[in-house]
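Chemist: I'd like to ask some things about the structure below.
The values are calculated or read from the model by the stated rules, or taken from the named source; none is laboratory data. Bear in mind that the values here come from a model prediction, so they are computed numbers and not experimental data. Glycine gets a Cβ as well: all are built from the backbone with ideal geometry, and neighbour counts include every protein chain shown. What goes into the accessible areas is simple: the full protein's heavy atoms, side chains included, and nothing from ligands, DNA or RNA. Shrake-Rupley method; radii C 1.70, N 1.55, O 1.52, S 1.80 Å.
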Amino acid sequence: MSPRSRTNQLLYQVELLVGLPSGDDEHAQARQIAIEESALALFELALNSLLKEVTEHARLNEHGWKALLDERGPAVAELQRLRDTMRQPDSWLNWLIGQVEKLHSDNGAGQRTVQNPSMIAVGSQTTLANQLLANLTAAKHDIAALRETSQEW
(Lines give C-alpha, C1' and ligand atoms only; values in the text may rest on other atoms or scores of the structure.)
Protein backbone atom coordinates (compact mmCIF):
# COMPACT_ATOMS: atom_id res chain seq x y z
CA MET A 1 0.00 0.00 0.00
CA SER A 2 1.34 3.44 -0.85
CA PRO A 3 1.70 6.13 1.82
CA ARG A 4 -1.10 8.07 0.09
CA SER A 5 -3.44 5.08 0.22
CA ARG A 6 -2.56 4.47 3.86
CA THR A 7 -3.25 8.10 4.74
CA ASN A 8 -6.63 7.92 2.99
CA GLN A 9 -7.46 4.63 4.70
CA LEU A 10 -6.67 6.02 8.15
CA LEU A 11 -8.69 9.19 7.58
CA TYR A 12 -11.63 7.09 6.44
CA GLN A 13 -11.32 4.89 9.52
CA VAL A 14 -11.41 7.99 11.75
CA GLU A 15 -14.74 8.91 10.15
CA LEU A 16 -16.05 5.39 10.58
CA LEU A 17 -15.15 5.29 14.25
CA VAL A 18 -16.64 8.67 15.06
CA GLY A 19 -19.90 7.59 13.43
CA LEU A 20 -20.29 4.53 15.64
CA PRO A 21 -23.17 4.64 18.11
CA SER A 22 -22.17 4.56 21.76
CA GLY A 23 -25.47 3.10 22.89
CA ASP A 24 -27.62 4.05 25.84
CA ASP A 25 -26.67 1.50 28.48
CA GLU A 26 -24.48 1.92 31.56
CA HIS A 27 -21.35 1.59 29.39
CA ALA A 28 -22.31 4.26 26.85
CA GLN A 29 -20.05 6.97 28.26
CA ALA A 30 -17.03 4.64 28.47
CA ARG A 31 -17.78 3.38 24.96
CA GLN A 32 -17.99 6.96 23.62
CA ILE A 33 -14.64 7.82 25.22
CA ALA A 34 -13.11 4.67 23.69
CA ILE A 35 -14.47 5.61 20.27
CA GLU A 36 -13.19 9.19 20.51
CA GLU A 37 -9.75 8.24 21.79
CA SER A 38 -9.42 5.48 19.19
CA ALA A 39 -10.33 7.96 16.46
CA LEU A 40 -7.74 10.42 17.78
CA ALA A 41 -5.08 7.70 17.76
CA LEU A 42 -5.94 6.89 14.14
CA PHE A 43 -5.83 10.60 13.27
CA GLU A 44 -2.32 10.71 14.73
CA LEU A 45 -1.35 7.69 12.61
CA ALA A 46 -2.83 9.45 9.58
CA LEU A 47 -0.70 12.52 10.33
CA ASN A 48 2.44 10.36 10.42
CA SER A 49 1.41 8.68 7.18
CA LEU A 50 0.76 12.07 5.58
CA LEU A 51 4.18 13.31 6.62
CA LYS A 52 5.78 10.24 5.06
CA GLU A 53 3.72 10.75 1.92
CA VAL A 54 4.51 14.42 1.33
CA THR A 55 8.20 14.06 2.15
CA GLU A 56 8.95 10.98 0.01
CA HIS A 57 10.94 13.16 -2.36
CA ALA A 58 13.22 14.26 0.50
CA ARG A 59 14.12 10.66 1.44
CA LEU A 60 13.96 11.31 5.17
CA ASN A 61 14.80 8.63 7.72
CA GLU A 62 12.39 9.95 10.37
CA HIS A 63 8.63 10.29 9.78
CA GLY A 64 7.23 10.93 13.26
CA TRP A 65 5.27 14.16 13.60
CA LYS A 66 7.19 15.35 16.67
CA ALA A 67 10.53 15.30 14.85
CA LEU A 68 9.30 16.53 11.48
CA LEU A 69 7.09 19.35 12.75
CA ASP A 70 9.69 20.61 15.22
CA GLU A 71 11.09 24.03 14.29
CA ARG A 72 14.54 22.42 14.03
CA GLY A 73 13.17 19.69 11.75
CA PRO A 74 14.10 19.20 8.11
CA ALA A 75 13.83 22.18 5.78
CA VAL A 76 11.17 20.79 3.46
CA ALA A 77 8.53 23.13 2.00
CA GLU A 78 5.59 20.86 2.88
CA LEU A 79 6.81 20.54 6.46
CA GLN A 80 7.22 24.29 6.81
CA ARG A 81 3.70 24.74 5.52
CA LEU A 82 2.44 22.31 8.16
CA ARG A 83 4.51 24.05 10.87
CA ASP A 84 2.86 27.32 9.89
CA THR A 85 -0.55 25.65 10.06
CA MET A 86 0.29 24.16 13.46
CA ARG A 87 1.10 27.64 14.85
CA GLN A 88 -2.38 28.93 13.96
CA PRO A 89 -4.51 28.55 17.12
CA ASP A 90 -7.71 27.76 15.20
CA SER A 91 -6.15 25.27 12.75
CA TRP A 92 -6.94 21.57 12.53
CA LEU A 93 -3.28 20.70 13.12
CA ASN A 94 -3.00 22.85 16.25
CA TRP A 95 -6.17 21.20 17.55
CA LEU A 96 -4.95 17.71 16.65
CA ILE A 97 -1.54 18.14 18.30
CA GLY A 98 -3.22 19.44 21.47
CA GLN A 99 -5.63 16.51 21.54
CA VAL A 100 -2.89 13.96 20.84
CA GLU A 101 -0.85 15.38 23.72
CA LYS A 102 -3.92 14.96 25.95
CA LEU A 103 -4.40 11.44 24.59
CA HIS A 104 -0.88 10.49 25.65
CA SER A 105 -1.31 12.06 29.09
CA ASP A 106 -2.58 10.31 32.21
CA ASN A 107 -6.01 11.96 31.86
CA GLY A 108 -6.59 11.04 28.23
CA ALA A 109 -8.53 13.08 25.71
CA GLY A 110 -12.02 11.63 26.09
CA GLN A 111 -14.61 13.96 27.53
CA ARG A 112 -16.37 12.70 30.60
CA THR A 113 -19.73 14.23 31.32
CA VAL A 114 -20.40 15.16 34.91
CA GLN A 115 -23.71 13.91 36.23
CA ASN A 116 -24.13 16.59 38.88
CA PRO A 117 -27.61 18.18 38.91
CA SER A 118 -26.32 21.29 40.70
CA MET A 119 -23.97 22.18 37.84
CA ILE A 120 -25.07 24.47 35.05
CA ALA A 121 -24.60 22.94 31.60
CA VAL A 122 -22.84 24.99 28.98
CA GLY A 123 -24.81 24.57 25.78
CA SER A 124 -22.10 25.79 23.42
CA GLN A 125 -19.66 22.97 24.17
CA THR A 126 -19.02 20.79 21.17
CA THR A 127 -18.45 17.09 21.69
CA LEU A 128 -15.04 15.66 20.95
CA ALA A 129 -16.63 13.57 18.20
CA ASN A 130 -17.98 16.70 16.48
CA GLN A 131 -14.62 18.46 16.90
CA LEU A 132 -12.94 15.42 15.34
CA LEU A 133 -15.21 15.54 12.31
CA ALA A 134 -14.81 19.30 11.85
CA ASN A 135 -11.03 19.12 12.08
CA LEU A 136 -10.90 16.05 9.87
CA THR A 137 -12.77 17.99 7.17
CA ALA A 138 -10.32 20.88 7.46
CA ALA A 139 -7.39 18.45 7.37
CA LYS A 140 -8.65 16.84 4.17
CA HIS A 141 -8.80 20.25 2.52
CA ASP A 142 -5.20 21.03 3.50
CA ILE A 143 -4.02 17.53 2.58
CA ALA A 144 -5.31 17.95 -0.96
CA ALA A 145 -3.30 21.16 -1.31
CA LEU A 146 -0.18 19.57 0.21
CA ARG A 147 -0.42 16.66 -2.18
CA GLU A 148 -0.49 19.02 -5.14
CA THR A 149 2.66 20.75 -3.92
CA SER A 150 4.37 17.45 -3.19
CA GLN A 151 3.52 16.01 -6.62
CA GLU A 152 5.30 18.92 -8.27
CA TRP A 153 8.55 17.38 -7.07
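Chemist: Please name whichever of Leu11, Ser38, Ala67 sits farthest to the positive end of the charge dipole of the chain, dipole taken about the Cα centre and charges placed at Cβ: Lys and Arg +1, Asp and Glu -1.
Modeler: Final value for the positive-end residue is Ala67.
Chemist: Further, regarding this structure: Please report the net charge: other residues with Cβ closer than 11 Å to the Cβ of Val14, K and R +1, D and E -1.
Modeler: -2
Chemist: Restricting attention to region 1-60, which GluC sites (Glu not before Pro) occupy a DSSP loop and are surrounded by at most 12 other Cβ atoms within 10 Å?
Modeler: Answer in residue order: Glu26.
Chemist: Please give me the summed charge of the neighbours of Phe43: other residues whose Cβ is under 11 Å from its Cβ, Lys and Arg +1, Asp and Glu -1.
Modeler: Spelling it out: positives minus negatives among the neighbours equals -4.
Chemist: Heavy-atom accessible area of His104 with all protein chains present, probe 1.4 Å, nearest 10 Å²?
Modeler: 130 Å²
Chemist: Let's see if you can work this out: charge +1 on each Lys and Arg Cβ, -1 on each Asp and Glu Cβ, no other charges. What is the dipole magnitude of region 58-97 about its Cα centre, in debye to the nearest 20?
Modeler: With only Lys, Arg, Asp and Glu charged at Cβ, the dipole is about 80 debye.
Chemist: Something else: ³J(HN,Hα) across region 74-84 via Karplus (A = 6.51, B = -1.76, C = 1.60, θ = phi - 60°), whole Hz, x for Gly/Pro?
Modeler: Values per residue, Gly and Pro as x: x, 8, 10, 3, 5, 5, 5, 4, 5, 4, 4 Hz.
Chemist: Please turn the phi angles of region 45-54 into ³J(HN,Hα) values with the Karplus equation 6.51 cos²θ - 1.76 cosθ + 1.60 (θ = phi - 60°), one per residue in order, whole Hz, x for glycine and proline.
Modeler: Those phi angles translate into 4, 5, 4, 4, 5, 4, 4, 5, 4, 7 Hz.
Chemist: Then there's this: Relative to the compact-globule scaling 2.2 N^0.38 Å, provide the ratio for the alpha-carbon radius of gyration of region 1-88.
Modeler: Relative to the 2.2 N^0.38 Å estimate, region 1-88 comes out at 1.33.
Chemist: Let me ask something else about it. If I build a Gaussian network model for the chain, linking alpha-carbon pairs within less than 10 angstrom, which residue out of Val14, Val76, Val100 has the largest mean-square fluctuation?
Modeler: Val76
Chemist: Now for a different question. From the square roots a ≥ b ≥ c of the eigenvalues of the alpha-carbon gyration tensor of region 1-46, which class results: rounded (a/c under 1.5), prolate (a/b over b/c), or oblate?
Modeler: prolate
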